[in-house]
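Below you'll find the structure, written out as structure tokens, and then a few comments.
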Amino acid sequence: MLDEMGQTKQTFYETFTKTALRERSIPFMIKAPLPPNASNHHSKLEAFERLEAVRKENKREIDFDKERSGAMHEKYGAID
């Protein structure tokens, strides 16, 4: 892309920095297309619904201290 614009990395960086400081914004728009059949909100909602279904399925009482110590052991190993 820089070759097509006739710039080196250094000249691009200098131009970008000067424009960003002067205008207090980046000098171009950044946009990426969304996947054809997905939206971020929709997928988060689906993930939450799946989590709720698992939570409701699990009726036993949770020992939070045991869960926490197991997670710490898994992450950091035995501290003893």
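Any read-out appearing in this document is the output of simple, stated calculations on the displayed coordinates, not a laboratory observation. Everything numeric in this text was worked out from a predicted model, so none of it was measured. Using ideal geometry, Cβ is built from the backbone for each residue, glycine included, and neighbour counts are taken over all protein chains shown.
Please compute the net charge surrounding Thr17, taking Lys and Arg as +1 and Asp and Glu as -1 over other residues with Cβ under 14 Å from its Cβ.
+2
Sum up the charges of everything whose Cβ sits under 14 Å from the Cβ of Glu74, counting Lys and Arg as +1 and Asp and Glu as -1, but leave Glu74 out. All intermediate terms of the calculation are to be shown ahead of the outcome.
Values: positive: Lys66, Arg68, Lys75; negative: Glu67.
Local charge sum for Glu74: +2.
Quick one: pull the percentage of alpha-carbon pairs in segment 2-76 with a separation above 13 Å. Intermediate values should be presented prior to the final figure.
On the way: 2258 of 2775 pairs.
Within segment 2-76, distances greater than 13 Å cover 81 percent of Cα pairs.
Mind checking which of Glu67, Glu49, Glu57 has the largest fluctuation in a GNM of the chain, springs on alpha carbons under 10 Å?
Fluctuation is largest for Glu67.
Using only helices, what value at 222 nm comes out for the chain when you add -39,500 (n - 2.57) per DSSP H run of length 4 or more and divide by the total residues, to the nearest 500 deg cm²/dmol? Working shown, then result.
Details: 4 runs with 50 residues, N = 80.
That comes out to -19500 deg cm²/dmol.
Excluding same-chain residues fewer than 8 positions from Lys66, which lysines have a Cα within less than 21 Å of its Cα?
Lys56, Lys75
Placing +1 at every Lys and Arg Cβ and -1 at every Asp and Glu Cβ, with all other atoms neutral, what dipole size does the chain have around its Cα centre, in debye to the nearest 20?
Working: 14 positive and 14 negative charges, 59 e Å.
Here the chain has a charge dipole of around 280 debye.
Quick check: residue separation of Arg68 and Asp3 times 0.36 nm, minus the Cα distance between them. What number comes out in nm?
On the way: separation 65, 0.36 × 65 = 23.40 nm, distance 5.32 nm.
Taking Arg68 through Asp3 to full extension adds about 18.1 nm, to one decimal.
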